[in-house]
Amino acid sequence: MSDTQAGTSPYRIYWITWAILLVITVAMLAAEEFHMPRWFLLVFLLVFMMVKAVMIAGNFMHLRYEKRNLGIMVGLGILVTSLILYGFVSRESAHVLQQTIR
């Protein structure tokens, strides 16, 4: 850990990241209580979920020290997986909704 200064903890970045993730998580949980419009709440939660994912990947998975193309590959993998899951879940949820209406 040569990039840390003398007298500082090498784990400082992990504690800071953990604290920021905790604050974001509490804000996401409290967001429902503010009675925002549904579309705004959805965008708010999605944006902060992406911020949390980037922070976790960058700091805890050490992707911020890797070459940029590795981060792009991981991001594309997450995007493709999300799109596939959305495709399956949206069709299934439409089917479930249709069955409950009958």
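The values are calculated or read from the model by the stated rules, or taken from the named source; none is laboratory data. Remember, predicted model here, so these are calculated numbers, not experimental data. Don't worry about glycine lacking a Cβ; one is built from the backbone with ideal geometry, like all the others, and counts go over all protein chains shown.
A few points about this structure:
- Members of the stretch 48-102 found to be surrounded by 13 or more Cβ atoms within 10 Å (Cβ to Cβ) and in contact with a Leu (Cβ under 8 Å, 6 or more places away or on another chain), listed by number: Lys52, Met55, Ile56, Ala57, Leu63, Gly71, Val74
- Qualifying residue in the stretch 42-60 (condition: among the polar types (S, T, N, Q), within 30 Å of Ile13 (Cα to Cα) and assigned by TED's automatic domain parsing to the domain that holds Leu22): yes
- Unmet requirement for Leu45, which otherwise passes all of (1) surrounded by 12 or more Cβ atoms within 10 Å (Cβ to Cβ); (2) closer than 24 Å to Ile72 by Cβ: (2)
- Scanning the stretch 50-71 for residues that are under 16 Å from Ile16 (Cβ atoms) and either more than 15 Å from the chain's Cα centre (by Cα) or polar (S, T, N, Q) (or both) yields a count of 3.
- Cβ-Cβ under 7 Å pairs, at least 6 apart or on other chains, the stretch 46-75 side free of Cβ contacts under 8 Å to residues at least 24 places away in the same chain, far side among the β-branched types (Val, Ile, Thr) and surrounded by 11 or more Cβ atoms within 10 Å (Cβ to Cβ): Ala57/Val74; Leu63/Val74
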